[in-house]
Amino acid sequence: MSYKVGFIGVGNMGGALVRSIAEYNKDASKNNLMDEPQFSLCAFDTNSTLLKKLTNELGILEEPSAASLVSNCDIIVLAIKPQYCRPVLEEIKQVLTPDKIIVSIIVGLPIQYFKSVLGSQARVVRTMPNTPALVGEGMTLVSWNDSINNDEKKAIINLFSCSGKVEELEESLMSEVTALTGSSPAYVFILIEAMADAAVKSGIQRSMAYRLAAQAVLGSAKMVLETEKHPAELKDMVCSPAGTTIDAVATLEQEGFRNAIIKAMDECTKKAREIGSKNISNI
């Protein structure tokens, strides 16, 4: 089945998703994957320069307004900041018909928020993707209710699978997962940068240090996913008795590495909950 998909917002996250879907469309056409959902794309962004650059690059339709996009699409992906959401919803609600699906990638805002503005009949899917979608290694969590049928669920899973992995999650946990997948690439980038800084301090050339650190993180993540062993077991495999690694691990524990990650994620979750609560209270 073919779906018309429109993106309102094509910044870092929205743009990454649009590119991944455009690439999927090319592969589907080349490999004649007719059994899979097909997507025709269009986009709108208030940043006309950014929008035109993307639509010209990918050969997709540029819509003149959010309302025009909604009128012409089956699935509408909201890829905007929370503070801009209410004006957009007010603009599109007059043209939003019951057959259309709103897919939000906006942090903190529950499905209840969209229904309170658009009406109880609005069909809304809440998702949480992350920036590794840029390289096809994203992780997207998705929540929905019974208003979305099985074919539509399959289409939405396929849509986000273009940029990586997809898993379903209860909506009550979507703010909590923000810290685990949505924001966590930032923590990993800091880790890679710190590892590279230490390597440079030891005399390794910086560009090589970044490559080596990034590959070590990539390989470690693949070991967790592919071996399905507990991370602690994999850590123990590297820590030889009286060796170099156990001294490094002991220092990390002494400096509160593990606790720092947990506290950072707690603060991230707290902020995600606050965003949702603030916007709901303003309705």
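The values are calculated or read from the model by the stated rules, or taken from the named source; none is laboratory data. Quantities reported herein were computed from a predicted structural model and do not represent experimental measurements. Cβ placement follows ideal geometry from the backbone for every residue including glycine, while neighbour counts extend to all protein chains displayed.
Worth a mention:
- Ile8 passes every criterion in (1) surrounded by 17 or more Cβ atoms within 10 Å (Cβ to Cβ); (2) in contact with a Cys (Cβ under 7 Å, 6 or more places away or on another chain) apart from (2).
- Failed item, numbered, when Glu255 is tested on (1) under 30 Å from Gly164 (Cα atoms); (2) modelled with pLDDT of 95 or more; (3) not hydroxyl-bearing (Ser, Thr, Tyr): (1)
- Residue list for segment 225-244, filter: loosely packed, with under 13 Cβ neighbours inside 10 Å and part of a helix (DSSP H, G or I): Leu225, Glu226, Thr227, Pro231, Ala232, Glu233, Met237, Thr244
- Restricting segment 56-83 to residues that are in a helix (DSSP H, G or I) and under 20 Å from Ser183 (Cα atoms) leaves a set whose member that is nearest to the chain's Cα centre (by Cα) is Pro82.
- Condition met for Val217 (assigned to a helix (DSSP H, G or I), within 26 Å of the chain's Cα centre (by Cα), closer than 22 Å to Ile190 by Cα and touching a residue at least 24 places away in the same chain (Cβ under 8 Å)): yes
- Enumeration of residues in segment 192-208 that are surrounded by fewer than 16 Cβ atoms within 10 Å (Cβ to Cβ) and either among the polar types (S, T, N, Q) or closer than 19 Å to Pro132 by Cα (or both): Glu193, Ser202, Gln205, Ser207
- Listed conditions (1) over 22 Å from Ala272 (Cα atoms); (2) touching a Pro at 6+ places or on another chain (Cβ under 6 Å) are all met by Thr131, apart from (1).
- Condition met for Ser20 (outside any loop (DSSP other than H, G, I, E, B), buried (at least 21 other Cβ atoms within 10 Å of the Cβ) and modelled with pLDDT of 90 or more): yes
- Within segment 112-166, being of a type in the set (Phe, Trp, Tyr) and under 14 Å from the mean Cα position of the chain (by Cα) holds for one residue alone: Phe160.
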